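The values are calculated or read from the model by the stated rules, or taken from the named source; none is laboratory data. Keep in mind that this is a model prediction, so the values were computed, not measured. Virtual Cβ from ideal backbone geometry, glycine too; neighbours counted across all protein chains shown. Accessible surface is based on the protein model in full, side chains and every heavy atom, while ligands, DNA and RNA are left aside. Shrake-Rupley method; radii C 1.70, N 1.55, O 1.52, S 1.80 Å.
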Amino acid sequence: MPDPGSWPLAVPLDSPRLRLEPLRVEHAREAAGLLGDARLHTWIGGAPPTPAELEQRYRRQVLGHSPDGRHGWLNWLLRDRATKKLAGTVQATLSRPRPEHLEAELAWVVGYDFQGVGLAKEAAVAMAAWLRTQGVAGCVAHVYPGHRSSEGVAAALGLRPTGRLDDGEMLWADVGPRERAAGQPGPGRPAT
């Protein structure tokens, strides 16, 4: 079993309009109001979580790794610096497909009332930049085809659609260094 202590730990991050707060169990009640908006679930699926469900989920996630230690879990809640309200979440699931090669599967959710002003892009870019400083060599994300906002976030991260669908979502992956220099999309890599 991999050493669960070998994963980076989430730290507070700042972007121009947001404070990215590492997830705490205490966030559950406040986050339930944001994530409980049924309009969000048009794209992300499922039912709005209750405060108790979020508290259980957050207790697992704050450990920072999967039970078997094979994946690192990094989660942040987005706090609007102007209003001090929670605006969404970003997360990275880390894996090592090869020794010394760290990859991240990225995800983001912005509360319905905070959408349309670029907060998902701002937060995801801040998270990805920090992940690179922690040794992450590649990133992927799953995006519902036609979800233009999330496609824009993925593109801002330097990800490109691979043509591979997983559970109805398009896998987006980093462009490689050579393709990045040439301005062309790189090959897709397996989902983590």
Exercise. Compute the normalised compactness of the chain: alpha-carbon radius of gyration over 2.2 N^0.38 Å, N being the residue count.
Key: 1.00
Practice problem: Could you tell me what percent of the accessible area of segment 34-169 is made up of carbon and sulfur, with a 1.4 Å probe and every protein chain present? | Solution: 51
Quiz item: What ranking do 39-46, 158-165 get when scored by the average of other Cβ atoms within 10 Å per residue, highest first?
Solution: 158-165, 39-46
Exercise. Please give the per residue accessible area of segment 1-158, computed with a probe of 1.4 Å over protein heavy atoms only, in Å².
Key: 50
Exercise. Let me have the relative contact order for the chain, percent, based on Cα pairs under 8 Å that are six or more residues apart.
Key: 17
Quiz prompt | Mean residue ellipticity (222 nm) of the chain, computed from DSSP H runs ≥ 4 via -39,500 (n - 2.57), nearest 500 | solution = -7500 deg cm²/dmol
Quiz item: Rounded to whole Å and sorted largest first, what semi-axes of the equivalent ellipsoid does the C-alpha gyration tensor of segment 1-74 yield via the square root of 5 times each eigenvalue?
Solution: 24, 17, 12
Quiz item: Roughly how many debye, to the nearest 20, is the charge dipole of segment 1-110 about its Cα centre, given +1 on each Lys and Arg Cβ, -1 on each Asp and Glu Cβ, and no other charges?
Solution: 280
